[in-house]
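Please read the structure below before turning to the comments.
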Amino acid sequence: MRKRYYYIVNFITFYRMLMAPVLLYLIFNHQPEPFKWLLAVSFFTDSIDGYLARKYKVVSAMGSTIDSIADDLTVLAAIVGIYVFKPEFIKQEAILAGSLVVLYLVQNAYAWLKYGKMSSFHTYTAKIAAVLQGIFLILFHFFTSPIDLLFYAAAIATLVDLIEEIVLIYLLPVWKTDVKGLYWVIKNKVYRQLK
């Protein structure tokens with residue numbers, strides 16, 4: 001029974017990975033209508049697969065890694081969509097958006113250097129940032145003008161998440177998935193030292 005749920009959860013995640021090239025195809029063929037609906041479905045499936053994996057106890061290191069890749073591909077497609085469909089927004093927010101991209105690249109490069117793979121911490125901060133990113137990116141493509149307050153909330157949450165992940169990579173000697181966050185890692189280290 002659990003094996004069936006394992007396949008269902010991974011199928012949902014693989015759907016998101018496979019949808020990324022389709023989204024890029026729609027972008028470069030200037031088809032914003034199907035793009036925005038399929039993007040919304042991709043973000044919706046992101047909220048489902050993690051929930052189902054925890055509910056049916058089929059969480060795995062491979063599933064966490066694939067989920068992280070699928071998340072990044074979905075966000076990448078959404079950002080390329082902004083660049084193609086509404087490039088003026090990118091120009092307006094170039095410094096903040098560029099800073100987030102650089103920090104994201106630093107975080108991933110650091111993880112690859114230390115662990116030989118991307119981090120899949122899935123911290124609470126990352127989940128909050130992902131929800132805010134998803135809401136902003138979906139609404140951005142559905143409305144004629146962006147919701148600035150939502151963009152800044154998503155950007156700040158993403159900034160905090162990326163900094164936390166860089167610190168976690170520094171603190172954790174081996175690759176680990178589903179880390180609650182920096183607070184819990186420090187708390188566990190202090191507890192182990194006191195024992």
Query raised in the report: Which residue, of 109, 126, is surrounded by 20 or more Cβ atoms within 10 Å (Cβ to Cβ) and under 20 Å from residue 64 (Cα atoms)?
Result: 126
Report task. Scan the range 27-45 for residues that are polar (S, T, N, Q) and within 15 Å of residue 140 (Cβ to Cβ) and jot them down. Result -> 42
**Report entry** the range 29-52, subset farther than 19 Å from residue 130 by Cα and touching a helix residue (DSSP H, G or I) at 6+ places or on another chain (Cβ under 7 Å), residue surrounded by the fewest Cβ atoms within 10 Å (Cβ to Cβ)
**Finding:** 34
Report task. At least 1 residues that are under 13 Å from the mean Cα position of the chain (by Cα) and either at pLDDT 95 or above or closer than 26 Å to residue 43 by Cβ (or both) in each: list the helices (runs of 4 or more DSSP H) lying fully within the range 83-195 that qualify. Result -> 94-115, 124-142, 148-171
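The values are calculated or read from the model by the stated rules, or taken from the named source; none is laboratory data. Here the structure is a predicted model, which means the values were calculated and not measured. No Cβ is skipped: glycine too gets one built from the backbone with ideal geometry, and neighbour counts run over all protein chains shown.
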